[in-house]
1. Using a Cα distance threshold of under 29 Å, what count of lysine pairs results for the chain when pairs must be 8 or more residues apart or interchain?
2. Among the trypsin sites (Lys or Arg not before Pro) in region 149-205, which ones are in a DSSP loop with at most 14 other Cβ atoms within 10 Å of the Cβ? Mind listing them?
3. For the chain, what are the DSSP H helices with axial Cα length of 18 Å or more and mean Kyte-Doolittle hydropathy of at least 1.6?
4. Give the relative contact order (percent, whole number) for the chain; include only Cα pairs under 8 Å separated by 6+ residues.
5. Taking 7 Å along the Cα-to-C-beta vector as the label spot, tell me the Ser189-Lys204 distance in nanometres, rounded to one decimal.
6. Can you give the FRET efficiency for Val21 and Ala140, using 1/(1 + (r/R0)^6), R0 = 30 Å, r = Cβ-Cβ distance, to the nearest 0.05?
7. Roughly how many debye, to the nearest 20, is the charge dipole of the chain about its Cα centre, given +1 on each Lys and Arg Cβ, -1 on each Asp and Glu Cβ, and no other charges?
8. Counting every Cα pair in the chain, what percent are over 28 Å apart?
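Readers should treat all values here as calculations from the given coordinates under stated rules, not as data from a laboratory. On a predicted model such as this, the values are computed, not experimentally measured, just so you know. Note that each Cβ is placed from the backbone with ideal geometry, even for glycine, and that neighbours are counted across all protein chains shown.
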Amino acid sequence: MSVDPYNRKKQHATVFIASAVFAVLLWGVGYSVSRVVAAVPWVLLFVVLVIGPLTQLWPSIKRRYGGNFPLHWRSELGIWFTIWSLVHVGYVFDRMGWNILDFLVGMSAPAFGAVVAVVIAIILAITSHNATFQFMGPKAWKWHQSHGTYVLFWLLTVHIYDQAFLQNGYPLDDALHVFYLASIIIVVSLHIAAFAKVVAHYRKEDEYPGGIH
């Protein structure tokens, strides 16, 4: 089964601790708090988005570790992505002295896209549990979660491109900016490769690989 609506306390604790350690490391090497709380949620979203295509390209990952690994980590990763995103938004508002009205007036298109992405992330987090899964049914729940995740990825990609490159003169001498660019390329490349593999399998076997419905 490729969907997993369950939230496990140990996995939540692991994701929280790992993301907090990563945040401390970024801060320790000299990144400002504002950049740290922007980078951490992006890393979590990156992991969420590469899990699916990686298991499609290399099914041996699931066979080797058993169960629904690593697909069953996506709920916890997605929820903590949302939490860190809200921390980022809250920190920016506090630092800039904004309220909602101040932010909405004169807001740029990439900033508006980021706001929409956070709203989508909140909706996905709220519905990322078994009760919603049972209510929607597996296909509708999977469609809702996967499509919502892809939409917010592209909205945040535009926001990152604007903030990290357009407004800062394409500074590829910054390690975080290089990671942002590389992560976007990796996500797109993996999804294209996984899609091509699924189509090739269908053309050869006249059916989709296991887990594709």
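1. 14
2. Those that pass, being in a loop and sparsely packed, number zero.
3. Working: long enough: 9-28 (28 Å, 1.01); 33-57 (36 Å, 1.98); 74-96 (33 Å, 0.49); 109-126 (26 Å, 2.79); 138-160 (32 Å, -0.01); 175-205 (44 Å, 1.20).
Length and hydropathy pass: 33-57, 109-126.
4. On the way: 170 pairs, mean separation 54.3, N = 213.
Normalised by residue count, the contact order of the chain is 25 percent.
5. The two pseudo-label positions are separated by 2.2 nm.
6. Working: r = 36 Å, r/R0 = 1.21.
E between Val21 and Ala140, to the nearest 0.05, is 0.25.
7. Numbers: 14 positive and 10 negative charges, 156 e Å.
In debye, rounded to 20, the chain gives about 740.
8. Details: 7311 of 22578 pairs.
Summing the P(r) of the chain above 28 Å gives 32 percent of all pairs.
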